[in-house]
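The values are calculated or read from the model by the stated rules, or taken from the named source; none is laboratory data. Because the structure is predicted, anything quoted here is derived from the model rather than measured. Cβ coordinates were reconstructed from backbone atoms using ideal geometry, including for glycine residues, and neighbour counts include every protein chain displayed. In case anyone asks, the SASA skips ligands and DNA or RNA and just uses the protein heavy atoms, side chains included. Shrake-Rupley method; radii C 1.70, N 1.55, O 1.52, S 1.80 Å.
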Amino acid sequence: METITTLGLDIAKNFFQVHCIDESGTVVLRKPLQQTQLFTFFSKRSPCLIGIKACTTTHHLARTLKASGHEVHLIPPAYVMPYLRRQKNVAADAAAIYEAVTRTFHETSISGLRVTRKLGLAAVARGMH
């Protein structure tokens, strides 16, 4: 079995799409996963670089994957869109996320992982308005 070194992960409403690349740069796996299968899939993999399009729900997922030893980069959607080569769908988005995470970025272009305390404070501040 090939070693997955880099992975693009797109989050849809009902499932997750993974786009896995090995050390030689060839596509090893393109697969939709249900939410119940996601953590089982990553627990069987050796630590790798995972790119996820940044949104409010990805911070929890990124923290969980980081705790299991993976390197997780949250990429703003504006940096993913230029790499979308074909019709917008979940599989194409996962491939575009992979392309975006492998390009050299300045550290400021990759979203920082928010800690739970900051997310809680932001939710309270929104509720006060």
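A few remarks follow.
- Computed from phi, the 3J(HN,Hα) profile of the range 84-89 under the Karplus parametrisation 6.51, -1.76, 1.60 (θ = phi - 60°) reads 6, 8, 9, 3, 6, 8 Hz, with x in place of Gly and Pro.
- Inter-site label distance for residue 27 and residue 44 at 7 Å from Cα along Cβ, in nm: 2.0 nm
- Residues residue 81 and residue 57, FRET efficiency given R0 of 25 Å [Cβ-Cβ distance, rounded to 0.05]: 0.85
- Apolar share of the accessible surface for the range 25-94: 56 percent from carbon plus sulfur atoms, 1.4 Å probe.
- Taking all protein chains into account, the per residue accessible area for the range 13-109 stands at 58 Å² (1.4 Å probe).
- Rounded to the nearest Hz, the phi-derived 3J(HN,Hα) couplings of the range 52-67 under the Karplus curve 6.51 cos²θ - 1.76 cosθ + 1.60 (θ = phi - 60°) are 10, 5, 6, 7, 5, 7, 7, 5, 5, 4, 5, 4, 5, 5, 5, 5, where x marks glycine and proline.
- To the nearest 10, the accessible area of residue 30 is 150 Å² with a 1.4 Å probe.
- Residue 55 - accessible surface, heavy atoms, 1.4 Å probe, Å² rounded to 10: 60 Å²
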